[in-house]
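Remarks on the structure that follows.
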Amino acid sequence: MAGGWTRDGAVQDQIDASIADELARLKARRGPEGESFRNCADCDEPIPEARRQALPGVKLCIDCAAQTQARPQARGGINRRGSKDSQLK
């Protein structure tokens, strides 16, 4: 049951759309694929063989990967509902 000026089922549609957006974002974030670099793309240090075998397509050494992951990632949340409680995050 939707409230206000929306049609029935609109709230569920919003939930489904939010879940679909998050799944698409996670799929886009999948790990590297393909052939691994022998040297780091950032610092040019050798990447250990064990890391290259564990993560096919790896491009960064452990230190550079940790620095990259430590940076905050901007996420643009979408307020589909437009109500005050959906803006309280």
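Considered as a group, the residues in segment 47-56 that are in a loop (DSSP other than H, G, I, E, B) and either in contact with a strand residue (DSSP E or B) (Cβ under 6 Å, 6 or more places away or on another chain) or modelled with pLDDT of 90 or more (or both) include one that is farthest from residue 37 (Cα to Cα), and that residue is 48.
Restricting segment 10-34 to residues that are part of a loop (DSSP other than H, G, I, E, B) and either among the hydroxyl-bearing types (Ser, Thr, Tyr) or farther than 16 Å from residue 61 by Cβ (or both), the residue that is nearest to the chain's Cα centre (by Cα) is 29. Among the residues of segment 57-89, those that are over 19 Å from the mean Cα position of the chain (by Cα) and modelled with pLDDT under 85 comprise 80, 81, 82, 83, 84, 85, 86, 87, 88. Filtering segment 1-45 to residues that are modelled with pLDDT of 85 or more and of a type in the set (Val, Ile, Thr) leaves 15, 19.
The values are calculated or read from the model by the stated rules, or taken from the named source; none is laboratory data. Values in this document were obtained by computation on a predicted structure and should not be read as measured data. In this analysis, Cβ positions are derived from the backbone assuming ideal geometry, glycine residues included, and neighbour counts consider all displayed protein chains.
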